[in-house]
Amino acid sequence: KMTQQMRDLQLAQARKPPGPSSPNAAKRLYRNLSGKFRVNYTSFDEGSLVGRGEKEKLRKSYLFQSNAALFEAVELQDLDRVQELLKQYSPEELDLNTPNSEGLLPLDIAIMTNNAPIARALLQAGAKESPHFVSLESRSLHLSTLVREAEQRVNELTAQVVNEAPNADCSEKEKQLKAWEWRYRLYKRMKAGFEHARVPDAPTNVHLSVASSSSVQVAFWEPLSVNSAVVTKYKVEWSCSPTFSPLLGQAIVDKLKDLHFTIQGLVSGTAYYVQVFAYNMKGWGPPQASVPPFAIPSNWREYDGRAPRRRGQAEALDHLLGQVKTVHQHCVCHEPCKNQPQSRKHSVSKSLKHLFHPSNKFLKTLKRGLYLTAIFYKDDNILVTHEDQIPVVEIDDTYSCLLMQDFLWFTKVSCMWDEILWLRQCVTVSQSSCSCILQTRFKMLLAISQMQGLLGIQDLGQVFFEPIKDKQGNILIVTLKEVKTNQTFESVRWVPICKLQSSRKSVSSPEEPTALDTLLISVQDKLTYHQRSSHALPPGLYLGYLKLCSAVDQIRVLVPEQLPNILCHVKIRSNPNISREEWEWLQKMVSVEEPIPAEPKSETSQNHLFLELQVAIKELMTLVNIPLQEAKDFRLYSQEVLDFGEQVSFLLLLPPSDDVCTAPGQNNPYTPHSGFLTLPLQIFELGEER
């Protein structure tokens, strides 16, 4: 129990000054104070501070004020200010879980005044309840003490104000009286909130799913009742018995941003039952069993014992590349050519010519030929030469028609930017064959080396999915790379993209722009594509739509503009795992010709997946502009689940076999809405690997 002397001492050391007599007056005082708290302390004259100790003292004082501002905002139920402080400072800077002089935390005040929005904001930021409240009795006793001592302090100050003559001290006592009257009302409201609260109802929508061969995941929602106190944590229990006796384990979920929990370390093929409890300041509520009532850890591969498709592939390719390099170390391409005087003379004359050729610098204009340009960007700035040009080097001035095979070969080379010198040496051995293809590809490697040397960097980034062509016979291969660090480049500098676009003087007509003009006009679109192509999908199971179209020299695949490295898709659920039971049900479903009942008869994981697939198919058909009645002719790809790492997996929806790939000139009656593009299949595969 707090004595009066300790109470007075604590008030003298309190984080916040005495509160005003009314909420309106309190808000005025609080806003004046918090306005001061928002001052950026780095704007103070640090030159006047003596040493690091003074700076640290100033920082702590500033954070101390921010902590006081948070308490004030919670007490005054100012949700906007609470959210502002939580966004501006970390929980550690706010001392979010350090009790004040009354033994209370911000979360305690929020839940005992039944302010659910503020309590949820604090919980999501990591707020906890006070450790002093180990039981219902201790919380009730603490609140009664606060109310009684606040009432006693109000009575004492009232007597002093009534008995003293008006003077400066009396005016100060009146302020203290108003502050204590307001605090007395706050404590009474908190005590009433605690007394009228009851234990929470059971959580709702408790759904159990199989997460892997050794884990299950339970997801749930808050209790429906709004008459109880705010729920501050949940408890998950699991057992092999439907009576939960014996209990195999339990876990506390107190991070309430995402209400789910994964139970790890389970035995594959064993049924596990799960139930969830909710907790508030009055204790634990009743349990809610999951739906379905149990889950059996498994994975779809267990259906036929299939090994992961990519297991060991990366290691095998690295080993194969190492073997190739070892063989080529003793190859003639790494030795002086002694027995080929004519070829050597040609090579020397060509290399001497190259020394004086203007292409060993960045180009300002294009002549008829094939060129390489590298776009490096950082925020809204782009890398340009000292002549304010995007870096461009020549590949071949006699090349007027880029073959798709050469372009696709270039995109594969982009996965080996650090191996260009070795690749050049390997291609050189075949120069005597006079192969046009090899000559072109050797020139590509030379241009890459030249660009790397001029910029002083090896990694030129990702190749844009199609080259830029103009009517003058110029072809530009474009690479894109985002720079996120303070990287040093040679012979170039940063300029804002908008400035570069506005300052460049076009030398072509709008009807027939040159490749460089087209590049500059469309550079923002290319940067957007590059950024989007590096985005990853959130964890989950997705339904993808595979649609191809063929041309004379390539096959292209339909992808969304917002995520061009992934097929057109919709999300089925957040759990990426397909269990053995679900996969077995899918195998039966795709082999049955009779219509499947529209409504499931029981709550099982298979029927839950059935409902999820129904919703996903309808959503996907709408997305790609295909009438829903046509979906009856579509098929689910049942050979495998496409796994992209451990967190993302795909089921594929295929058009009828005759419509999977649209041939040149073939009419496609259902054209997708805007927001889609088609990528060359090999480019899409490379983007997927990245």
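General observations
- Extension gain for E84 to M416 (0.36 nm times residue separation, less C-alpha to C-alpha distance): 114.8 nm.
- For region 57-196, carbon and sulfur atoms together expose 51% of the accessible surface, with a 1.4 angstrom probe and every protein chain in place.
- Sorted peptide list for 236-246, 73-83, 641-651, 208-218, criterion being average Cβ within 10 angstrom, highest first: 208-218, 73-83, 641-651, 236-246
- Highest mean packing first, where packing is the average number of other Cβ atoms within 10 Å per residue, the peptides 178-187, 548-557 line up as 178-187, 548-557.
- Length gained when the stretch E603-S101 is fully extended (0.36 nm per residue, less Cα-Cα span): 175.5 nm
- Between D658 and S241, the contour length at 0.36 nm per residue exceeds the Cα-Cα span by 145.0 nm.
- Think of region 57-196 as having a plus end and a minus end, set by charges on the Cβ of Lys, Arg, Asp and Glu; of A159, L122, W180, L122 sits farthest toward the positive end of this dipole.
- The listed residues K173, K469 rank as K469, K173 when sorted by accessible area, largest first, using a 1.4 Å probe.
- Charge dipole (Cα centre; +1 on Lys/Arg Cβ, -1 on Asp/Glu Cβ; no other charges) of region 207-298 amounts to roughly 140 debye.
- Computed over all pairs of different Cα atoms, the Kirkwood value for the hydrodynamic radius of region 207-298 is 13.5 Å.
- Accessible area per residue for region 360-534, computed on protein heavy atoms with a 1.4 Å probe, is 48 Å².
- Dipole magnitude for region 57-196: about 200 debye, using +1 per Lys or Arg Cβ and -1 per Asp or Glu Cβ, origin at the Cα centre.
- Put a plus charge on the Cβ of each Lys and Arg, a minus charge on the Cβ of each Asp and Glu, and nothing anywhere else: the dipole of region 190-260 about its Cα centre is then about 140 debye.
- Sulfur and carbon atoms: percent of accessible area, region 204-306 [1.4 Å]: 55
- In straight-distance terms, cross-link reach from K128 covers every one of the aspartates and glutamates whose alpha-carbon lies under 13 Å from its own, apart from those fewer than eight places away in the same chain; here that gives E92, D95, D108, D254.
- Between S522 and E315, the modelled labels are 4.3 nm apart [label points 7 Å from Cα along Cα→Cβ].
- Using the Cβ of Q639 as centre and a radius below 12 Å, the other residues enclosed give a net charge of +1, where K and R count +1 and D and E count -1.
- log10 of Debye I(q)/I(0), alpha-carbon scatterers only, for region 222-264 at 0.30 Å⁻¹: -1.05
- The modelled label-to-label distance for the pair T262/L628, using points 7 Å beyond Cα in the direction of Cβ, is 3.4 nm.
- A simple count of charges around S225, restricted to other residues whose Cβ falls under 10 Å of its Cβ and scoring Lys, Arg +1 and Asp, Glu -1, yields -1.
The values are calculated or read from the model by the stated rules, or taken from the named source; none is laboratory data. Worth saying up front: this structure is predicted, and the values here are computed from it rather than measured. Neighbour counts run over all protein chains shown; Cβ positions are idealised from the backbone, glycine included. For the accessible areas, the whole protein counts, side chains as well, though only heavy atoms, and no ligand, DNA or RNA atoms are used. Shrake-Rupley method; radii C 1.70, N 1.55, O 1.52, S 1.80 Å.
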